[in-house]
1. Which of the following residues is in a helix (DSSP H, G or I) and open to solvent by 10 Å² or more (accessible area, probe 1.4 Å): Glu88, Glu138?
2. Return only the number of the condition from (1) touching a Leu at 6+ places or on another chain (Cβ under 8 Å); (2) closer than 24 Å to Phe55 by Cα; (3) away from the ligand (no atom under 12 Å from the Cβ) that Ile187 does not satisfy.
3. Show the residue pairs meeting these rules: Cβ distance below 7 Å; 6+ apart or different chains; first residue within the range 15-26 and more than 8 Å from the ligand (Cβ to nearest atom); second residue open to solvent by 10 Å² or more (accessible area, probe 1.4 Å) and among the aromatic types (Phe, Trp, Tyr).
4. Applying the selection to the range 175-217, what residues are surrounded by fewer than 23 Cβ atoms within 10 Å (Cβ to Cβ), of a type in the set (Gly, Ala, Ser) and farther than 13 Å from Pro152 by Cα?
5. Can you tell me which residue within the range 248-263, out of those that are under 14 Å from the mean Cα position of the chain (by Cα) and open to solvent by 10 Å² or more (accessible area, probe 1.4 Å), is farthest from the ligand (Cβ to nearest atom)?
6. Of all residues in the range 266-281, how many are within 16 Å of the ligand (Cβ to nearest atom) and either outside any helix (DSSP H, G or I) or at pLDDT below 95 (or both)?
7. Taking only the range 27-70 into account, find how many residues are open to solvent by 20 Å² or more (accessible area, probe 1.4 Å), part of a loop (DSSP other than H, G, I, E, B) and more than 13 Å from the ligand (Cβ to nearest atom).
8. Please enumerate the residues belonging to the range 204-238 that are within 14 Å of the ligand (Cβ to nearest atom) and within 19 Å of Arg259 (Cβ to Cβ).
Amino acid sequence: MKQELEERKEKIMPDGRAMILAYDQGFEHGPRDFLGHPESANLEYILDIAKRGRFTGIVLHAGLAEKYEPEIREAKVPLILKLNGKSELYTEEDPYSPQLYSVGDALALGATAVGYTVYSGSKYEDQMNKEFAAIIREAHNKGLPAIGWMYPRGKAIFDRKSASRTLKIALEEQEQTNLAIDETPSIVAYGARIGLELGADIVKVKYTGSPESFQQVVQSTFPTKVVMAGGPRTRTDEEFLSRVKDVLTAGAIGLAVGRNIWQRKDPLTISEKIHEIIFGS
Ligand code: FBP
């Protein structure tokens, strides 16, 4: 299984770099993400971007993965099956994203890797840590890499009164920047580090505003690889591309991005530019 694990890692990280297309937003945010870009509600449109844009993986929940199994195989873009999910209609301050699918489901659907979101700092973090730890163990035993969406979130992250020592440092970082608390290097690095401690092969984290601060995240997560999450579409292509350059300079291996690609008028042009930054061609 060790060899299969290494082969699958190589598939989603050719030359040690990754450019992953995230398409779990229909569940996490709902169809509002497709407004203004109705074609983006259709997986065939997204798969075409993934294929022609030379993405090294596409993230889906099991429903779409099952319905489009032949098309996904045909496109030859490695499938990363997201094993947990929650909708934004559920608005409790402390989020929990339950496991919905298994490593076995991922293998049956031909997935190359599995993904799972952990909201560190939520009062449900223990449940998510336990689920993700078990997923990682099983995935590795069966030769599948595991990717953690490490998003510190919840009441405690913002609670100045009972602030943890990390939050106190993050509040100081915040005073010198325009960052939201969950984008400060101390909070992002802590979430990423939990991914490493749990055994994730790759963690996906928010951008921290500068290459220097992102380097802090990458360094405290080594040897687990770090990719940047996309976030809401930036006003210009240049703004997003400059972030991609920053995180690569900081030692990240690439990104896992959705809206900044498929919410644009010309998703292939920006994909090409991102590919050039990540892979040099
Ligand atoms: P985007 O590039 O569109 O931001 O996607 C990255 C992602 O992590 C998705 O995989 C996920 O659905 C979404 O962001 C979660 O967003 P939020 O931070 O609003 O929960």
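The values are calculated or read from the model by the stated rules, or taken from the named source; none is laboratory data. Just so we're clear, the structure is a prediction, and the values are computed from it rather than from any experiment. Positions of Cβ are generated from backbone atoms using ideal geometry, with glycine treated the same way; all protein chains shown enter the neighbour counts. Side chains are part of the model used for accessible areas, which takes the heavy atoms of the whole protein and leaves out ligands, DNA and RNA. Shrake-Rupley method; radii C 1.70, N 1.55, O 1.52, S 1.80 Å.
1. Details: Glu88 fails: in a helix (DSSP H, G or I).
One residue alone meets the criteria, Glu138.
2. (2)
3. Qualifying pairs under 7 Å: Asp15/Phe279; Arg17/Phe279; Met19/Phe55; Ile20/Phe55; Leu21/Phe55.
4. Gly199, Gly209, Ser210, Ser213 - these are the residues of the range 175-217 that are surrounded by fewer than 23 Cβ atoms within 10 Å (Cβ to Cβ), of a type in the set (Gly, Ala, Ser) and farther than 13 Å from Pro152 by Cα.
5. Going through the qualifying residues, I end up with Ile253.
6. Of the residues in that region, 0 qualify.
7. 5
8. First pass over the range 204-238, keeping only residues within 14 Å of the ligand (Cβ to nearest atom): 204-207, 226-234.
Correct list: Lys204, Val205, Lys206, Tyr207, Val227, Met228, Ala229, Gly230, Gly231, Pro232, Arg233, Thr234.
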